[in-house]
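Report on the structure given below.
Nothing in this text is a laboratory measurement; each read-out follows from the coordinates by a stated rule. Small disclaimer: the values here were computed from a predicted structure and weren't measured. FYI the Cβ positions are ideal-geometry reconstructions off the backbone, even for glycines, and counts take in every protein chain you see.
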Amino acid sequence: MTRLLLMLVSTFWLAPAGGDEKEDVLDYIDRHEAEYGEVAKTIWDYAELGYLETRSSALLQSKLIGAGFEISSGIAGMPTAFIASYGEGTPVIGLLAEFDALPGISQGASPVRNILEDKPNGHACGHHLFGTGSMAAALAVKHWMQANDVKGTIRLYGTPAEEGGSGKVYMVRAGLFADVDTVLHWHPWDRNGANPATSLANKSARFKFRGISSHASAAPERGRSALDAVEAMNYMVNMMREHVPQETRIHYVITKGGEAPNVVPDLAEVYYYVRHPSAKELQRIWDRVMTVSRAAAMGTGTQVEAETMHGNHPLLPNEVLAQVMHQNLIRVGGYAYSEEEQEFANTIDQSFGLEKSYLGLQEKVLPLEMVHGKASTDVGDVSWVVPTTGLRTATWVPGTSAHSWQAVAAGGTSIGIKGMQVAAKTLALTAMDLFNNAELIRDAEEEFLDRRGEDFQYKALLGDREPPLRYRLP
């Protein structure tokens, strides 16, 4: 369908939804803002890493259990993963909830750099808001369903380890989305938009090289340096960058490189990410990286073993669903800063060193258009098995990059909570439209099947490995 036709159709779809019922849901979320803010701030304080989010997951589950949801926990081999369900029968509308933090990004809720020595990790991608906002939406939809005798199932997926752990992939692989009609998600950002979007497919591995240790000065001829192998691999991959499609992204960190200069390292490790818009092209590039690792080992007289850590498909957009979510985001709108928040934002803005300020975007909603993202997410795998759409809201000061101390800072303040509330409201209203209109679900399914192609068969890019539950541990 053309965008104009979609707009006309979506207007028709949204018309039957009860205006009073929607206002009641918006009011419900507003009345519970303090409670949701407390949950988000608590998870922000926990700042637990992927697959280690024990307290964060338990807190969300306890709130959902208290509201009458049925919980299945420890699913798909992941102790912190869970599914919370309310209602019965169809349609089944799924919401995604993340809650993992990032390592090595410590910051207080301050507009200036403030490293917290006792807290090495931080919510630099705002997943404390993601999980809590999705929970808030689920609770609001349950409230509406109960008050209006609405049939169907609202289901919240508690998904751990999005940051490099691919928690959702194991859920998809286990068939936990097989009976879901549509999935909705959101993510913290520095502005508000519900655009249909793509992302980059992504695959990672740890390449562990083993050599022979010896005295680096007295007997260097007897050693075979694992660090040499890592450096050889990195050098060859860096030369390869000229000869891959320009959309490719490759990044790495050396996680082990030896302990003392006078000892030839017998163990070294490098951790690689490779990304591309196409999962098929990604696999071709990945095969070349694997070949390079073996060549590096051969050339340095060492041995190499590669452990695949994660793999994500790109997002498959759904314009039918995106249009409906966009209309609901327009209804909810952005938000204004208080005087104190404005002062905080002004200070943060000065830290960017940008030629242009983006302050004020938190009050606006971006126009609807296809967005080709450069990041990666395990939501991508979900989107290839069930029609999926999402939105982003201004939980950070406009101009903020994800994975930055500025993102951690704003996420721990009322700015983050206000953006989270926008997301919770938009998700809830969109879920209501889906419950109210079977034709909308059918049209989203039709687009989904058309985009995916008749011959598509889902296969996890990370293979048959079990969840890497210790991937964040030394």
Sort 338-344, 350-356 by the packing proxy (mean of other Cβ within 10 Å over each peptide's residues), most packed first. 338-344, 350-356
Rank THR413, LEU427, PHE448 by how far each Cα sits towards the positive end of the charge dipole of region 400-474 (+1 on Lys, Arg Cβ; -1 on Asp, Glu Cβ) and give me just the farthest. THR413
Ranked highest first by the average count of other Cβ atoms within 10 Å around their residues, in what order do 203-215, 66-78, 392-404, 424-436 fall? 424-436, 392-404, 203-215, 66-78
What share of all Cα pairs of the chain, in percent, falls into each consecutive 10 Å distance bin? 4, 20, 29, 25, 14, 6, 2, 0, 0
Listed by chain and number, the residues whose amide H is under 5 Å from that of GLU48, excluding neighbours fewer than 5 places away on the same chain and using placed H, are ALA101
Would you pull out the residues with amide H under 5 Å of VAL183's amide H, same chain only if 5 or more places away, H placed 1.01 Å from N? GLY94, THR388, THR389
Within the under-11-Å Cβ sphere about PHE177, not counting PHE177, Lys/Arg +1 and Asp/Glu -1 give a net charge of 0
Roughly how many nanometres apart are two label points built 7 Å out from the Cα toward the Cβ at GLU454 and ALA306? 3.5
For region 201-311, the spread of Cα positions along each principal axis, largest first, Å: 50, 23, 18
On a 0 to 90 degree scale, rounded to 10, what angle separates helix 54-66 from the longest Cα axis of the chain? 20
So, in nm, how far is label MET370 from label ASP27 when the simple model puts each one 7 Å beyond its Cα toward the Cβ? 4.2
DSSP bridge orientation in the chain - percent antiparallel, rounded to nearest 5: 70
Surrounding net charge for ARG222, when Lys and Arg each add one and Asp and Glu each subtract one, Cβ distance under 15 Å: -2
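Report the FRET efficiency, 1/(1 + (r/R0)^6), for ARG113 and GLU259, where r is their Cβ-Cβ distance and R0 is 35 Å, rounded to 0.05. Before the final figure, lay out each step's value.
On the way: r = 31 Å, r/R0 = 0.88.
Working from the Cβ atoms, E equals 0.70.
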What ³J(HN,Hα) values, in whole Hz, does the Karplus curve 6.51 cos²θ - 1.76 cosθ + 1.60 give for region 200-214 when θ = phi - 60°, with x put for Gly and Pro? 9, 5, 8, 9, 9, 7, 9, 9, 9, 9, 10, x, 10, 7, 6
Provide the packing ranking of 129-141, 40-52, i.e. peptides ordered by the mean count of other C-beta atoms within 10 Å per residue, highest first. 129-141, 40-52
